[in-house]
Structure formats: C-alpha cells, structure tokens
Ligand code: GDP
C-alpha cells in the first residue's frame, strides 16, 4: 500500500493502533486533506496528545540533512533566543548556507530599532559558533518581513532544496504555513499550536522547479521555559501583542517578582526606574529584598504564579545570577520571558529557573 502522510505533521499514517503515533480511523483515509487523529484533535478541540518521539529521534532526522544538497533556514524566537537555539547545527548540516530568521517581531515595542535586534542576533549567533549567510526579522504570524525572507531564500538556495529547522514553539509551522498559503491559498495546512513538539516528521512542500522546502520536526530544548508549564500558564507568559513596558521606580534593596517565574533584586545603586518587558498578562509584585525569600515560600503557585497547579513541582528551582552593571541602559534578558531594562549603573541579581538563560545586552531602545 502507498504510504500516506498526515498533512498536519508529516507523520506516516497507520490505521492499526490508536495508541501509536500517526493513527487515523480507516474511514478517514479517503479524505482529501488527511490528518492523523492527533492533528485532528489539536485542530478541532485544541487538545494535544503527548508525543513519544525523543530529542534524539528529532536529532537523527536533522542529521539526515547533512548529506543532502541545499540551504538551511534556521528559525529562532527572538523572545527565547538561547532557549530556541539548536546547538551544533553547523556540525550536522555541513557547509550549507544558513539563513537565520528571528520570528515574532510583531511583539517588539515600536520604539525598538529593528537593526539593533538584527545586530544583537548576529553577535549572539557568532558567540554560539554560527556564521549565518544573513539574518532577518519576521513575524510569521502577521506576515511582516515574509516577502523579504522568501526573496532571500530564493536567492540563497540557488536552485536547491530548502530545509527549515528550529526548536519547538519558535513559530516554524506558522512560518511554513505562511509560505504554503502564499503559494496555494490554503490556510493552516500544517498544525500549529501553543504546545511545543507539534510537527512530528519531515513535511515536503514542492517548489515550482522540482525542488522543495522541507519542514523538519521541532527540536526540544530543555532550556525552554515552555516545557515546564501547562497550557494555561504557557498562554499567560506568551505575549500576544506588542510589549508595553511596566515601569518601576525602585530603591536599592527592593525586589520584583515576575509571577513566580523570575525574581529581580535591585541590590545597590541610586534610585531609578526599571522597565519590565514581559507578557502584559504576567503580574509583577514588588517587595523588600529582605522579605523576598519568605514571600516566595508563602505565595509561590498562588499569588506568585505562574507556575500554578502541577507546574509548581515541575519547575526547576530558581538560580541566582548577579550582575554589576557599569553602563547606562542595559537589558537583562530572561530567555522565554522577556527582559528588564536597567537604566543606571547598579548591582542587580536575577533569579530564574535552572537552565533558563539570563544574559546582558546593550538596550535595544
Ligand atoms: P513550532 O512549534 O515552531 O512549529 O511553532 P508554531 O508555529 O506552532 O507556533 C508556536 C506559537 O508561537 C503559537 O502560539 C503561535 O501562534 C506563536 N507564533 C508563531 N509565529 C508568531 C509570530 O510571528 N508572532 C507571534 N506573536 N506569535 C507567533
């Protein structure tokens, strides 16, 4: 029998075992737009069935790209740059050109100069050992920058195939869907969702010249905060629209809690204002540094949430990162959450879940 693939996630369809990946009821096989039951449920009921493919399986699939000809489009989430980084990409893709695309630009405050973001991405990529052929910002969701991205891809691919790679939740499927929609007018061909790990196998999108764009499975990166949160909390921390800073005038020895996910201590320095750029729905609580530990113990999972419910136990412990900031206007970036702009020289500490990257960058504004 010819192998049938789910048009949502690319997995091979089977009709034998509903408990195994790729199951579709036999009656659905005649559907023109065949999807596996997992994608069907996700689309129609917004309900996710767990994925049993491990990170190693995903990496094996990506490893296969090494021997093929073509170029690579690597998608990162600009709000989770480190959390959405695939390390060692150059090792398994060989010497192919890599176009680095930062997605979710629609969330950046309008006051931010996009060139500064692109330059920051270039610097971070270089630090992580990657020299991309080019770096672009897009909003796959809103379509911003997509025309330019497609033109760049067409130029770089030079008549060859295109492999789109990225960690889960970077918007890779949204990006691919946008391309498919442009080409065919079809909406939502590939399953997208809030949940990491939606695309299961390689999906082929044929191009006019006999070549193809390949959507690869999302890589699960343990440094992504998203993996430790349930659906409700993940929705809450994921910004939906342009970030608006929350401004706090702080004295030394004051602390801010960003829900129960991160804590910012202003240890020493002149009174000044601090700008917090996180999802507008995340609540920020201010307290005295001296009371901060006790407040956390008493209120984590409740007033200090997310995490809430079962996620409280799943969330790795908070780890302290201290920074002595000498310049004016520095962003402390908490991968997957957002950033805090420190405007004056000061000593500060950020506590974030173990594994979640916390770094400094010159302010984008
Ligand atoms: P994948 O796991 O990398 O394939 O990611 P998805 O395409 O499923 O997207 C993950 C989440 O990010 C979903 O909640 C999307 O709605 C959201 N998303 C994707 N692209 C964008 C974008 O350009 N802007 C914003 N604000 N959200 C996006």
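From its DSSP helices (H runs of at least four residues, each -39,500 (n - 2.57)), the chain gives a residue-normalised ellipticity at 222 nm of -6500 deg cm²/dmol.
Restricting everything to alpha-carbon atoms, can you work out Rg to Rh for the chain with a Kirkwood hydrodynamic radius? Before the final figure, lay out the partial values.
Details: Rg = 21.6 Å, Rh = 21.7 Å.
Rg divided by Rh gives 1.00.
Could you give the angle, 0 to 90 degrees to the nearest 10, between helix 289-299's Cα long axis and the longest principal axis of the Cα atoms of the chain? With rounding to tens, the tilt is 50 degrees.
So what's the gap between the Cα centers of the range 147-162 and the range 92-130, to the nearest angstrom? Between the Cα centre of the range 147-162 and that of the range 92-130, the gap is 17 Å.
The packing ranking of peptides 299-308, 18-27, highest mean first, is 299-308, 18-27, where packing means the average number of other beta carbon atoms within 10 angstrom of each residue.
When each of the peptides 73-84, 148-159 is scored by how many other beta carbons lie within 10 Å of its residues on average, the order from highest to lowest is 73-84, 148-159. Averaging Cα coordinates gives a centre for the range 205-236 and one for the range 289-363; these two points are 26 Å apart. Dimensions of the range 258-365 based on its C-alpha atoms, expressed as ranges along the principal axes with the largest first, amount to 40, 27, 24 Å. What does the C-alpha gyration tensor say about the overall shape of the range 28-148? Classify as rounded when a/c is under 1.5, otherwise prolate if a/b is larger than b/c, or oblate. Since a/c reaches 1.5 but b/c is at least a/b, the shape of the range 28-148 is classed as oblate. Highest-first packing order for the peptide set 169-178, 275-284, 87-96 is 169-178, 275-284, 87-96, based on the mean count of other beta carbon atoms within 10 Å. What shape does the range 238-296 have by the C-alpha gyration tensor, where a ≥ b ≥ c are the square roots of the eigenvalues, rounded means a/c under 1.5, and otherwise prolate means a/b greater than b/c and oblate the rest? It comes out oblate by the Cα gyration axes. To the nearest ten degrees, helix 172-184 and the longest principal axis of the Cα atoms of the chain are 40 degrees apart. Helix 146-157 axis versus longest C-alpha principal axis of the chain: approximately 60°, rounded to the nearest ten.
Taken together, the values in this text are just the output of simple stated rules run on the coordinates, not laboratory data. On a predicted model such as this, the values are computed, not experimentally measured, just so you know. Neighbour counts are summed over all protein chains in view; Cβ atoms, including those assigned to glycine, are modelled from backbone coordinates with ideal geometry.
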